[in-house]
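Colleague: Once you've had a glance at the structure underneath, I'll fire off some questions.
What follows draws every value from the coordinates through simple rules; no lab data is involved. Treat the numbers as computed from the prediction; the structure is a model and nothing was measured. Reconstructed Cβ throughout: ideal geometry from the backbone, glycine too, with neighbour counts over all protein chains shown.
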Amino acid sequence: MVHKQSDENQPSIVPSITDIDSESDPILDREQDPFPKPVADYIARYDKVIGDRPHSTWRWGYNGTPEVRLSCVDDELENRVRTAKLLATMYITIADDIAERHNDQATLAELIPIPFDNQSTDPEKDSVDSEIIDLSTDIWNQFRERYDASPRAAEFVDLFEFDLRQVLDAVEYSLLTNRSPDLVSEQELWTYDSYNMMVYVYAVIDLANAPEFDRADLSTLRQVTHRTQRMARIGNWLATWQRELAEGDFSSGVVIRAVETDVINREDLHTLRATAEHGQASETVDEIVRSIERSSIEDDFLDRWRVEYAEAARFNDALESVDLEEYLEGFETILDSYVAW
């Protein structure tokens, strides 16, 4: 059981004490809604073409994103929003895995232009996996069909594409760090890697389906999402760093902070990476995990999560067309789910 400490000086909507239950997952342990048919078909194709991710990845996305849906979304459009977010998540997850797990620069270079009308892609280029490009294109077209049907799609499309480019920059950063792991720093992870959580993108999808949202709130909302995206990133780091370490991926903020604070040394990571590439188990993994768990790093990131929460909560009175308290409570659920992984 991990405790987030209370702070009497924080805004009132910040929870005083939250016990994080690592034994139960508030998202995956409840009854799961079935995927809509187009998504189920794409998941079946994904399993044949790529198959890196278990179905729980998509179940978590489909059942988790409603937790942080903005309250201003039209109730009648919630299913469209939910499906659109999962389709966008599938596209980005494929891109991220092509970068991180497959280190396939040629395919990634043809996958990144897919969402943008002014860019072209060529799945027949040498060394490009055309099946992945075809699948990703179909997924994106299904997403775009739903986005374009949104009542305020045209109004927010430029902002949507801007935010999407930041996510794809994060994917390209993952490819760079996979090839040159010595370049990774915590500062750059906050700058680039946080966008991989797609919180800005999800928010704009919500706004496109929120007829009552007041544009006067847009700047304030984006200041909030800047914080909530970091909160999501922290939760994901805490959930995945041990698994990624065993796979030879040490770009997690948890591991990089351990290097930068001398809890572990970078040479151990080089040893770990070499053994992982040859499919060998390494005692180095267990040693690194023990060193990090003995340190305060995980608790420090939980403290940082709480700081981001408090900073976001300060906008409560300034945000008129979004229920900020409800939105932030959703990120508590997301954190609880991550810690249960």
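Colleague: Relative to the Cα centre, what is the charge dipole magnitude of the range 73-209, using +1 at the beta carbon of each Lys and Arg, -1 at the beta carbon of each Asp and Glu, and rounding to the nearest 20 debye?
Modeller: 200 debye
Colleague: At 222 nm, what helix-only mean residue ellipticity would the chain give, in deg cm²/dmol to the nearest 500, using -39500 (n - 2.57) for each DSSP H run of four or more?
Modeller: Rounded to the nearest 500, it is -20000 deg cm²/dmol.
Colleague: Follow-up question, since we're still on this one. Two decimals, Cα atoms only, Kirkwood Rh: what is Rg/Rh over the chain?
Modeller: With Rh from the inverse mean 1/r over Cα pairs, Rg/Rh is 0.95.
Colleague: With the dipole of the range 36-185 worked out from charges on the C-beta (+1 for Lys and Arg, -1 for Asp and Glu) around the Cα centre, which of Leu86, Phe162, Ala106 lies farthest toward the positive end?
Modeller: Value: Leu86.
Colleague: Return Lys125, Lys48 ranked ascending by Cβ neighbour count within 10 Å, so the fewest neighbours appear first.
Modeller: Lys48, Lys125
Colleague: Here is a further query. By how many nm would the segment from Val49 to Ser219 lengthen if fully extended, with 0.36 nm per residue of separation less the alpha-carbon distance?
Modeller: So the extension gain works out to 57.1 nm.
Colleague: With only Lys, Arg, Asp and Glu charged, each at its Cβ (+1 for the first two, -1 for the last two), find how big the charge dipole of the range 214-341 is about the Cα centre; round to the nearest 20 debye.
Modeller: 340 debye
Colleague: Just the Cα atoms of the range 264-341, one point each, no solvent: what log10 I(q)/I(0) does Debye give at q = 0.19, 0.21, 0.26 Å⁻¹?
Modeller: Results for the range 264-341 at q = 0.19, 0.21, 0.26 Å⁻¹ read -0.88, -0.97, -1.16.
Colleague: How would Thr137, Thr228 line up from fewest to most surrounding beta-carbon atoms within 10 angstrom?
Modeller: With the sparsest Cβ surroundings first, the list reads Thr137, Thr228.
Colleague: Which value, in debye to the nearest 20, describes the size of the charge dipole of the chain about its Cα centre when Lys and Arg Cβ atoms bear +1, Asp and Glu Cβ atoms bear -1, and nothing else is charged?
Modeller: Computed charge dipole of the chain: roughly 260 debye.
Colleague: At q = 0.10, 0.12, 0.13, 0.16 Å⁻¹, what is the base-10 log of I(q)/I(0) for the range 205-341 according to the Debye formula with one equal point scatterer per Cα and no solvent? Please give it to two decimals.
Modeller: -0.45, -0.59, -0.65, -0.83
Colleague: Before anything else, pin down the relative contact order of the chain: Cα pairs under 8 Å, at least 6 apart, normalised by residue count, whole percent.
Modeller: Computed value for the chain: 25 percent relative contact order.
Colleague: Can you give me the pair-distance distribution of the range 36-185, C-alpha pairs, 5 Å bins, whole percents?
Modeller: Computed distribution, short to long bins: 2, 9, 17, 21, 21, 16, 9, 4, 1, 0.
Colleague: Still on this structure, please answer the following. Using θ = phi - 60° and the Karplus curve 6.51 cos²θ - 1.76 cosθ + 1.60, what whole-Hz ³J(HN,Hα) does each residue of the range 185-196 get, with Gly and Pro shown as x?
Modeller: Per residue, the Karplus-derived 3J(HN,Hα) values read 9, 4, 4, 6, 4, 5, 6, 10, 5, 4, 5, 4 Hz.
Colleague: Do you know the relative contact order of the range 71-127, to the nearest whole percent, from alpha carbon pairs under 8 angstrom that are 6+ apart?
Modeller: It rounds to 19 percent for the range 71-127.
Colleague: Mind listing which GluC sites (Glu not before Pro) in the range 156-259 are in a DSSP loop and have 12 or fewer other Cβ atoms within 10 Å?
Modeller: Counting only loop positions with at most 12 other Cβ atoms within 10 Å, the GluC sites (Glu not before Pro) in the range 156-259 are Glu212.
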